[in-house]
Amino acid sequence: MQRLWTPWRMDYILSNKQAAGCVFCNKAATPDIDRENQVVARGQTAMILLNIYPYSNGHLMIVPYAHIDSLTGLGDAELADLMRLTSLAEAALRDSLAPQGFNVGINIGKAGGAGMADHIHVHIVPRWPGDTNFMTVVGQTRTIPELLDDTRERVARCLAALGYPRDETTGTVMLM
Ligand SMILES: [Zn+2]
């Protein structure tokens, strides 16, 4: 399998502060296993991945490559990329899952409810009327990998339909 170019700028990722043992840093630095890691898409400074413990089907996270614990630690270009990828995630979820609303949020710090407080990330959760009880059930149930793989493919296809290329080996969408 041939790759014509390496779009995710590993030099950029590796030049940023990375933390050993951080799940997000590990995923950022291993694009070859994006499929296993449920990374859907990569931009210049951030990536979109599935939450493997979702509040609902289609629960995505947008994660900067840099190991930073707050918005104030990000530069203007990284902040813009983070919001651009959040917007593209919203678009892809609209097209793939037809939700009627969204929750978009950032938990900063342990006191703010962050499960991974050392590495900031944006949650985007698609919502449907009357899904609250369903979400409670799903939140306590481990989602089967096949469902995550299916969701990754659906979201990736919708991003590709917006005009972005996919890596032919990993299926990752390149949001450059
Ligand atoms: Zn990290």
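The values are calculated or read from the model by the stated rules, or taken from the named source; none is laboratory data. From a predicted model like this one, the values you see are computed outputs, not experimental measurements. Glycine also receives a Cβ, built like all others from the backbone with ideal geometry; neighbour counts cover every protein chain displayed. These area figures cover heavy atoms from the full protein model, side chains too; ligands, DNA and RNA do not enter into them. Shrake-Rupley method; radii C 1.70, N 1.55, O 1.52, S 1.80 Å.
Annotations
- For region 50-71, a tally of residues being more than 14 Å from the ligand (Cβ to nearest atom), at pLDDT 95 or above and open to solvent by 10 Å² or more (accessible area, probe 1.4 Å) returns 1.
- Summed over region 99-131, the residues that are assigned to a loop (DSSP other than H, G, I, E, B) and touching a His at 6+ places or on another chain (Cβ under 8 Å) give a count of 4.
- Filter result for Arg154 (among the basic types (Lys, Arg), closer than 24 Å to Pro31 by Cα and either at pLDDT 95 or above or outside any helix (DSSP H, G or I) (or both)): yes
- Close pairs (7 angstrom Cβ cut-off, 6 or more residues apart or separate chains): on the phi > 0 side of the Ramachandran plot in region 26-45, of a type outside the set (Lys, Arg) and away from the ligand (no atom under 15 Å from the Cβ) anywhere: Gln38/Leu50; Gln38/Ile52; Gln38/Leu148
- In region 99-125, the residues that are free of Cβ contacts under 8 Å to residues at least 12 places away in the same chain and either under 13 Å from Ser56 (Cβ atoms) or surrounded by 15 or more Cβ atoms within 10 Å (Cβ to Cβ) (or both): Ala114
- For region 32-49, a tally of residues being open to solvent by 10 Å² or more (accessible area, probe 1.4 Å) and more than 14 Å from Asp150 (Cα to Cα) returns 4.
- Within this structure, Ala19 fails the test of being within 15 Å of the ligand (Cβ to nearest atom), more than 15 Å from the chain's Cα centre (by Cα), farther than 19 Å from Ala156 by Cβ and without any contact (Cβ under 8 Å) to a residue 24 or more places away in the chain.
- Flag for Asp131 being charged (D, E, K, R), more than 20 Å from Pro165 (Cβ to Cβ) and either without any contact (Cβ under 8 Å) to a residue 40 or more places away in the chain or more than 14 Å from the ligand (Cβ to nearest atom) (or both): yes
- Residue that is farthest from Gly43 (Cα to Cα) [pool: residues in region 64-98 that are out of contact with any helix residue (DSSP H, G or I) (no Cβ under 6 Å at 6 or more places or on another chain) and in a loop (DSSP other than H, G, I, E, B)]: Ala98
- Of the residues screened, Gln38 is one that is out of contact with any Gly (no Cβ under 9 Å at 6 or more places or on another chain), modelled with pLDDT of 85 or more and either of a type in the set (Asp, Glu) or away from the ligand (no atom under 12 Å from the Cβ) (or both).
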